[in-house]
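Have a look at the structure below before the remarks.
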Amino acid sequence: MLKSDLINILVAKRGVTQKQAEATIETIFESMKDALCRGENIEIRGLGAFHVKNYQGYQGRNPKTGQVIPVKPKRGLLFRTGKELRDRVNRPAPQQAQTDLPSLPESKGPGNTGTGL
């Protein structure tokens, strides 16, 4: 899904103009970016949480030359899904009518000889 898809959904479901939808999505994303740059965590119930993680500096090594290189401390982002989203993603997909799906040959992976024994 792209940012433009979110904008189109907002236009279709809420009846706002394209420009209003763009401004709304952009405001939300900019607010999230600003908060993360300040080192704040973002938690959205039902979706998940963005966490800013601080990494210590260390002495690395150039694999080609073996030269010791100092690596500066840095920050990274982690996203952890919420339970509700994780459960929804892992829920089995609804079964479609068998007539809609083309029949696929059975896989004969390791240990499956296809003999049915």
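The values are calculated or read from the model by the stated rules, or taken from the named source; none is laboratory data. Just so you know, these numbers come straight off a predicted model, no measurement behind them. Every residue, glycine among them, receives a Cβ derived from its backbone with ideal geometry; neighbour counts consider all protein chains shown. The accessibility values were calculated without ligands, DNA or RNA, using every heavy atom of the protein model including side chains. Shrake-Rupley method; radii C 1.70, N 1.55, O 1.52, S 1.80 Å.
Things worth noting here:
- Measure of compaction for the range 40-89 (Cα Rg per 2.2 N^0.38 Å): 1.77
- Virtual spin-label span in nm between ARG80 and VAL68, 7 Å along Cα→Cβ: 3.5
- Loop trypsin sites (Lys or Arg not before Pro), the range 31-82 (other Cβ atoms within 10 Å of the site Cβ: 13 or fewer; DSSP): ARG38, ARG45, LYS64
- Annotation: amide H of GLY48 within the under-5 Å range of GLY82, sequence separation 5 or more or interchain, hydrogens built in the peptide plane.
- Surface share of carbon and sulfur [accessible, 1.4 angstrom probe, percent] for the range 40-89: 53
- Scalar couplings 3J(HN,Hα) for the range 70-76, obtained by applying the Karplus form with A = 6.51, B = -1.76, C = 1.60 to θ = phi - 60°, are x, 9, 6, x, 8, 10, x Hz; x denotes Gly and Pro.
- Treating r as the C-beta distance of SER31 and ASP87 and R0 as 35 Å, the FRET efficiency rounds to 0.80.
- For the pair GLU43 and VAL11, a Förster radius of 35 Å applied to the C-beta separation gives a FRET efficiency near 0.80, rounded to the nearest 0.05.
- Among the listed pairs LYS33/LYS53; LYS33/LYS74; LYS33/LYS72; LYS13/LYS83, a Cα-Cα separation exceeding 24 Å is found for LYS13/LYS83.
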